[in-house]
1. Whole angstrom only: what separates the Cα centroid of the stretch A:82-128 from the Cα centroid of the stretch A:308-385?
2. Taking Cα centroids, how far is the stretch B:53-92 from the stretch A:242-278 in Å?
3. Rounded, prolate or oblate: which fits chain A, taking a ≥ b ≥ c as square roots of the Cα gyration tensor eigenvalues, rounded meaning a/c under 1.5, else prolate when a/b beats b/c?
4. In terms of Cα to Cα distance under 21 Å, which lysines are near enough to A:LYS358, apart from those fewer than 8 places away along the same chain?
5. Specify the angular offset, from 0 to 90 degrees and rounded to the nearest 10, of the alpha carbon long axis of helix A:141-153 from the longest principal axis of the alpha carbons in chain A.
6. Run the quick spin-label model on A:ASP251 and A:GLU8: label points 7 Å from Cα toward the beta carbon, then report their separation in nm to one decimal.
7. On a full-extension model of 0.36 nm per residue, what is the gain between A:ASP293 and A:GLU104, subtracting their alpha-carbon distance, rounded to one decimal in nm?
8. Quick one: net charge around A:ILE225, please, counting Lys, Arg +1 and Asp, Glu -1 for every other residue with C-beta under 12 Å from its C-beta.
Amino acid sequence: MSLPPLVEPADELTVDEVRRYSRHLIIPDVGMDGQKRLKNAKVLVVGAGGLGSPALLYLAAAGVGTLGIVDFDVVDESNLQRQVIHGQSDVGKPKAESARESIEEVNPYVNVILHKERLDSSNVLEIFGGYDLILDGTDNFATRYLVNDAAVLLNKPYVWGSIFRFDGQVSVFWNEYGPNYRDLYPEPPPPGMVPSCAEGGVLGVLCAAIGSVMVNEAIKLITGIGDTLVGRLMIYDALEMTWRTVKVRKDPEAEPITELIDYEAFCGTVSQEAQEAAAGSTITARELKDMMDRGEDFYLVDVREKNEYEIVSIPGSVLIPKGEFLNGEAFGKLPQDKRIVLHCKSGGRSAEALAALKGAGFGDAVHVGGGVLAWVNQVDPSLPTY
Amino acid sequence: MSVSVRVPTILRGYTSDAAEVSAEGGTLSEVLADLEANHPGIRARILDDSGRIRRFVNVYVGDEDVRFAQGLETATPSGSQVSIIPAVAGGC
């Protein structure tokens, strides 16, 4: 869909800026007018992670005048496989600060604004209010719906991208001109049904493919050129190397968005059943170690996936993935005369499996709060984390 | 009435990792029944307990969302492509 330019042009470009952006300026569709619009644009990137990294670098290089970054996290070594705006020496540093340093090196003419806080219902409208356009590269459904609803309420467009393993999806949502995210996906999946990147993994370079399309769309929206992805969803398969496009329509039955809601409750992080199962049936990694040291007779089950088990595991654990608890296959593999102890990476999946296990009659089963990460942290720091 | 069905990564556990499988049926409902017969368990990830398409999954015939066509009764002409597109949140 072809749309009017989002941003008015800046008064002028300096001589230095003309030199820097010359390869844009000689494209007829961009030209001085388009580059001045980029200079005047204020773009907010939510999440300086996998998608935010390439997006911020290319937005900065393209000459977007003001770049905001929302991120409360710090750089971890496991980020560096894909989050190319951060480097080895940034490990432990706030991602927002690390990203700013990289941007300043790419383009010193960009004004960078940091929001080192978690985006929530209390601050989202104020933060978004200062920008023309938002890029959403966050990693959870609660923030996805928060970004959407805030953008709708403020009548701002946003570019949306998401990634998982080898698959990417990207679109532009602008309620005034087309559908919003709730028209595409009215409700989030129940917690535990769709794995996150942290659980399922992501091919690092997938971030570049999707992040670059996001910036492409941002530039088109700002300058008013081309046909944007408003009303279309692009789906990328990196294994088959295909891009497909499907239509997204406004849902005539959708409830109008009139206010922000409690997004954690809307999306849940752990299901109600899992919370109830885990209440009073959660042990710490340290308690697990004590049970081992006392020689207690129990059966330790790791409910993660095989690849994760190969990275790091708790000694003596048996691998039975969560899916086998949910479809019932696991129960026949478990001893009836021993207490069952479940664990996963950080405690979410094992709580889901625990609910199924208790439902099958294993009343004294427990799970390890914090999972194998807590084990590494509290019991054996020599083991790797992921 | 053979159609090809695009299977997203998170459902490929049901199709022996195949990204595309063929299925028979003149409507989406029949295609999903045939899919379930050959790949048990997959339909429950697309439809809820009362048989409706889950609200976080979109099913397309060609490039049209069946929610805006005839839902499960949407015709699936021979040779058409059915795509299952679940919500994915990852950006990390």
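1. What the calculation gives is 36 Å, centre to centre.
2. Centre-to-centre distance over Cα atoms comes out at 17 Å.
3. prolate
4. By straight Cα distance, A:LYS358 reaches A:LYS322, A:LYS333, A:LYS338, A:LYS345.
5. Its long axis makes an angle of about 30 degrees.
6. Placing both labels 7 Å along Cα→Cβ, they lie 3.8 nm apart.
7. On the way: separation 189, 0.36 × 189 = 68.04 nm, distance 5.34 nm.
This chain segment gains 62.7 nm when fully extended.
8. With Lys, Arg at +1 and Asp, Glu at -1, the neighbours total -2.
Here, each number is a calculation from the coordinates, and none is a lab measurement. Since we're looking at a predicted model, the values are computed, not measured. Positions of Cβ are backbone-derived with ideal geometry, glycine not excepted, and every protein chain shown enters the neighbour counts.
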